[in-house]
Amino acid sequence: MNNQNNLTETQARKDDHIRICLDEKVQFNQVKNGLDKYTFTHCCLPELDYKNIDISTQFIGKKLDSPLLISSMTGGTENAQLINQRLAIIAQKYRLAMGIGSGRVIIEKPDIAKTFQVRWQTPDILLLANIGAVQLNYGYTWRECLKLVEILEADALILHLNPLQECIQPEGDTNFQDLLAKIGVLCEKMPVPVMVKEVGNGISAVMAEKLINMGVKAIDVAGAGGTSWAMVESERSDNKLKRELGKTFANWGIPTAHCIADIAKKYPNIPLIASGGIRNGLEVAKLLALGADVVGLAYPFLKAAMVSVEALEELVELLNEEIKTVLFCTGNENINTLQKSDSLTFQP
């Protein structure tokens, strides 16, 4: 195990994040993901053979055997390397999409790139690099972003937006001025699709419109309802003001279901990822019916990855069976028919 004293500030923060997410009470405790307001209409006679249910899909040019994304989590330390290797095994076996943790530390300290690199394990999957968009205001350009994509052999680049987290993080980068225009320049320069995601506070339809107009090719709403990064940063801060600030904003954000419903209604053709507090395949299916193309989970994968590859296999197989069961019991043979059906209803 790495000695904490030998880690850079960024690396130490990453190990802190893993520990706190697993050990502390940092889930949203008031705001939920919004999916409890939606129910499926049961179909007692589906007129289908269960073995023909198809949950495969396409996302930004790649075929996925399941509409699941292993959301970006970590990298940069030995702990993180083990987690990423186990996640990569599962992503390849089940042909899932996989996001990599924020790659800023790779640019700072190139020798730790191996803790992020999983392409050697995942030749066929949709692999997403990831870096904070705010770094474009702290000396990073499209060249650093391209270098990150090349090092990871990624199919696309995620820019994550995390203004609340940066406000509470003791070493936070809080200059978000003129960032939208810089995102637009990056979209023009990058040879791979640029995606934008939040980190658990949601993306509104208004902001999605601005991002799409700048050339962003896909959006991960990463809404409220799961891990509260305000609480994560509160837990790791030694500063009393920051700790209290994190508690105040522990439940800040737009629920995941609201983000997806609003953006999908206004922009039905934009590739959409739904993430933020998703805990089972029934919730995955609800978000697909609302208009998401892929659904991301982080905490459930992290928790299982800390146990074993076998625990991850059990998780994915359960999620897939839950999704298939929803399709079967709503009379839909595949995801496309589910999305076009009226199987899901809103219950105010």
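The values are calculated or read from the model by the stated rules, or taken from the named source; none is laboratory data. For clarity, every value in this text was computed on a predicted model and none was experimentally measured. With ideal geometry, Cβ positions are generated from the backbone for all residues, glycine too; neighbour counts draw on all protein chains shown.
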Of everything in segment 105-115 that's out of contact with any Lys or Arg (no Cβ under 8 Å at 6 or more places or on another chain) and buried (at least 24 other Cβ atoms within 10 Å of the Cβ), which residue is nearest to GLY132 (Cα to Cα)?
ILE106
Among the numbered criteria (1) surrounded by 16 or more Cβ atoms within 10 Å (Cβ to Cβ); (2) touching a residue at least 24 places away in the same chain (Cβ under 8 Å), which single criterion is violated by MET207?
(2)
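Let's see how each residue does on (1) assigned to a loop (DSSP other than H, G, I, E, B); (2) under 30 Å from LYS340 (Cβ atoms); (3) of a type in the set (S, T, N, Q):
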position: ASP16; (1), (2), (3): no, no, no
position: ARG19; (1), (2), (3): no, no, no
position: LEU22; (1), (2), (3): no, no, no
position: LYS25; (1), (2), (3): yes, no, no
position: ASN29; (1), (2), (3): yes, no, yes
position: LYS32; (1), (2), (3): yes, yes, no
position: HIS42; (1), (2), (3): yes, yes, no
position: PRO46; (1), (2), (3): yes, yes, no
Which members of segment 243-302 meet the condition of being part of a loop (DSSP other than H, G, I, E, B), charged (D, E, K, R) and surrounded by fewer than 20 Cβ atoms within 10 Å (Cβ to Cβ)?
ARG279
Determine if segment 152-161 includes at least one residue that is over 20 Å from the mean Cα position of the chain (by Cα) and either surrounded by 18 or more Cβ atoms within 10 Å (Cβ to Cβ) or at positive phi (or both).
no
Can you say whether GLN121 is farther than 28 Å from ILE89 by Cα and of a type outside the set (Gly, Ala, Ser), as far as the supplied structure shows?
no
Where a residue in segment 98-117 is farther than 24 Å from PRO300 by Cα and its partner, wherever it lies, is of a type in the set (D, E, K, R), with Cβ under 8 Å and at least six apart
VAL105/LYS14; ILE107/GLU144; ILE107/LYS147
Is there any pair with a first residue in segment 263-285 that is within 21 Å of GLY99 (Cβ to Cβ) and in contact (Cβ under 8 Å) with a residue 24 or more places away in the chain and a second that is surrounded by fewer than 24 Cβ atoms within 10 Å (Cβ to Cβ) and acidic (Asp, Glu) whose Cβ atoms are under 6 Å apart and which are 6 or more apart or on different chains, and what are they?
PRO271/ASP293; LEU272/ASP293; ASN280/GLU322; GLY281/GLU322
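For segment 118-134, give me the residue count where each residue is in contact (Cβ under 8 Å) with a residue 24 or more places away in the chain and surrounded by fewer than 20 Cβ atoms within 10 Å (Cβ to Cβ).
4
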Looking only at segment 291-317, count every residue that is within 28 Å of ALA261 (Cα to Cα) and of a type outside the set (Ser, Thr, Tyr) and tell me the total.
14
So, of the residues in segment 281-301 that are in contact with a strand residue (DSSP E or B) (Cβ under 9 Å, 6 or more places away or on another chain) and over 23 Å from ILE60 (Cα atoms), which turns out to be modelled with the lowest pLDDT?
TYR299
Starting from residues that are of a type in the set (Val, Ile, Thr) and closer than 29 Å to LEU245 by Cα, keep the ones in segment 170-204 and report whichever is surrounded by the fewest Cβ atoms within 10 Å (Cβ to Cβ).
THR174
For the condition out of contact with any strand residue (DSSP E or B) (no Cβ under 8 Å at 6 or more places or on another chain), closer than 26 Å to ILE168 by Cα, small (Gly, Ala, Ser) and surrounded by 23 or more Cβ atoms within 10 Å (Cβ to Cβ), what is the one hit in ALA224, ALA230?
ALA230
Has segment 223-232 got any residue that is within 19 Å of ARG143 (Cα to Cα) and hydrophobic (A, V, I, L, M, F, W, C)?
no
Within segment 96-104, is there a residue that is among the basic types (Lys, Arg) and farther than 20 Å from VAL295 by Cα?
yes
